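The values are calculated or read from the model by the stated rules, or taken from the named source; none is laboratory data. Note that this is a predicted model, so its numbers are computed, not measured. Here the Cβ positions follow ideal geometry from the backbone for every residue, glycine too, while neighbour counts run over all protein chains shown. These area figures cover heavy atoms from the full protein model, side chains too; ligands, DNA and RNA do not enter into them. Shrake-Rupley method; radii C 1.70, N 1.55, O 1.52, S 1.80 Å.
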Amino acid sequence: MDRINVRTLKNMVGEKTDSFFMISNVEIKKGSTGKDYLDLLLADETGEISGKKWSVDEPDRKLKRTDIVKVRFEVTEFNGQAQLRIERVRIASKEDNLDVTEFVKHAPETSEDMFNEIKKTAEEIEDSDLRNVALKVLSANEEKLMYYPAAKKNHHAIFGGLLYHTLRMLRLGKKVCEVYTNLRPDWVACGVIIHDMEKINEIVSDEYGMASDYSFEGKLLGHIVMGVKSIDRICLDLGVCDEKRIMLDHMVLSHHYEAEYGSPRKPLFPEAEVLHYLDMLDAKMYDFKEAYDEALPGGYSDRKWTLDNREIYHDTL
């Protein structure tokens, strides 16, 4: 049977069919009548979609995250978004001849290629202190970087997403430094490499790049505070002078810009300021592309709260 992907399903409201998905999240909940129902978040390489099965059979109680399942369903709509009304679900068998990687949303470039390009950029940093900090951070996190997402949800919450986010910011940062020649490329590159690295310890992810929760430290501190602590340790180990150490701390501390988003200080030197905008631009462009690709030509996406609850138009040109 040909698989129907999540992106296609969102334009099939009212149709009944079946297909294979990976379970991104599964819960047994109680409805208003007190009866159990199955609440699933189903995923493939194109995205995620919610599904409800209003009766729970004994095999349903054994379903778990990352199971590949075959689902019979009707596509419905709830609060303006597509949702599946599930009739039955079973775990895929070997006879279904499925490749698990086809169900994992991933960056469009290989993790190895992305890591190597980031490492090469770090090696080209002329300031020896900044170069050593960037290389040490990359070396310490290389294994997990190969699959880690950049978020639990929202932008770059995909296999290899943290590498992809970092790499695109580095590429963009190089171009920005060509225009704004007062910027120091070494500081921009090092700031980009370190700014989100502690998401690896903030987020709990499996080997498929699927985030399930935040760690204990992640919930209590968040990746910004964790990042400052990590850079402090690394700089002290490497003997980096206090001024450089504190400036690197500041880049991590201020890159979210606003206190409500976790930054108690706004950027106070040019490279810290541009780091924020590189981060913001890459996140927004990622979200715009996802919304644009979701919509049919001449139509609109679902409302995206990360884009101020806008419906994004997909042109016909």
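Observations
- Rounded to the nearest Hz, the phi-derived 3J(HN,Hα) couplings of segment 207-219 under the Karplus curve 6.51 cos²θ - 1.76 cosθ + 1.60 (θ = phi - 60°) are 6, 8, x, 9, 7, 10, 5, 10, 5, 4, 5, x, 5, where x marks glycine and proline.
- Cα Rg over Rh - the chain, Kirkwood: 1.02
- Calculated on alpha-carbon atoms, Rg and Dmax of segment 1-69 in Å: 12.7, 37
- Built amide H within the under 5 Å cut-off of E87, gap 5+: R72, F73, E74
- Summarising the overall dimensions of segment 67-125 from its C-alpha atoms, the Rg and Dmax are 19.6, 57 angstrom.
- DSSP-assigned coil residues among trypsin sites (Lys or Arg not before Pro) in segment 62-159, each with at most 16 further Cβ atoms within 10 Å: K64, R65, K153
- With Cα atoms, 0 to 90° folded angle of helix 185-195 axis to the chain main axis: 40
- Each residue of segment 301-316 was assigned a 3J(HN,Hα) from its phi angle through the Karplus curve 6.51 cos²θ - 1.76 cosθ + 1.60 (θ = phi - 60°); the sequence is 6, 5, 5, 10, 5, 6, 10, 6, 6, 7, 9, 8, 8, 9, 6, 9 Hz, with glycine and proline shown as x.
- Dipole in debye (nearest 20) - the chain, about Cα centre, beta carbon charges: Lys, Arg +1; Asp, Glu -1: 880
- Where chymotrypsin sites (Phe, Trp or Tyr not before Pro) fall in DSSP loop in segment 121-218, at most 16 other Cβ within 10 Å: Y180
- Backbone HN-Hα couplings from phi across segment 150-164 [Karplus 6.51/-1.76/1.60, Hz, Gly and Pro as x]: 9, 6, 6, 9, 6, 5, 6, 7, 9, 4, x, x, 5, 4, 4
- Full extension of the chain between N79 and S32 gives 15.1 nm of extra length, using 0.36 nm per residue less the Cα-Cα distance.
- Distance in nm between pseudo-label sites at W54 and E311 (7 Å out along the Cβ direction from Cα): 2.7
- The H on the amide N of S19, modeled in the peptide plane, is under 5 Å from the matching H of V71, each at least 5 residues off or on a different chain.
- With respect to the chain, whose longest principal axis is taken over its alpha-carbon atoms, helix 111-123 is tilted by about 10°.
- Estimated [θ] at 222 nm from DSSP helical runs (n ≥ 4, -39500 (n - 2.57)) normalised by residues in the chain, nearest 500: -13000 deg cm²/dmol
- Exposed-site-free run, longest, the chain (rule: GluC sites (Glu not before Pro); DSSP loop; at most 15 other C-beta within 10 Å): 16-108
- Pairs exceeding a 22 Å alpha-carbon distance, out of K136/K229; K136/K284; K62/K144; K175/K199; K174/K284; K199/K284: K136/K284; K62/K144; K175/K199.
- The chain, accessible area per residue, ligands and nucleic acids excluded (1.4 Å, Å²): 52
- Ranking G262, T101, S24 by how far each Cα lies toward the positive end of the dipole of the chain (charges on Cβ) leaves S24 at the top.
- Tilt relative to the chain, helix 128-145 - C-alpha long axis, 0 to 90 degrees, to 10: 20
- Estimated dipole of segment 135-243 in Debye, rounded to 20 [Cβ of Lys and Arg +1, of Asp and Glu -1, Cα centre]: 420
- Among the protein heavy atoms, those of C177 account for about 20 Å² of accessible surface (1.4 Å probe, every chain in place).
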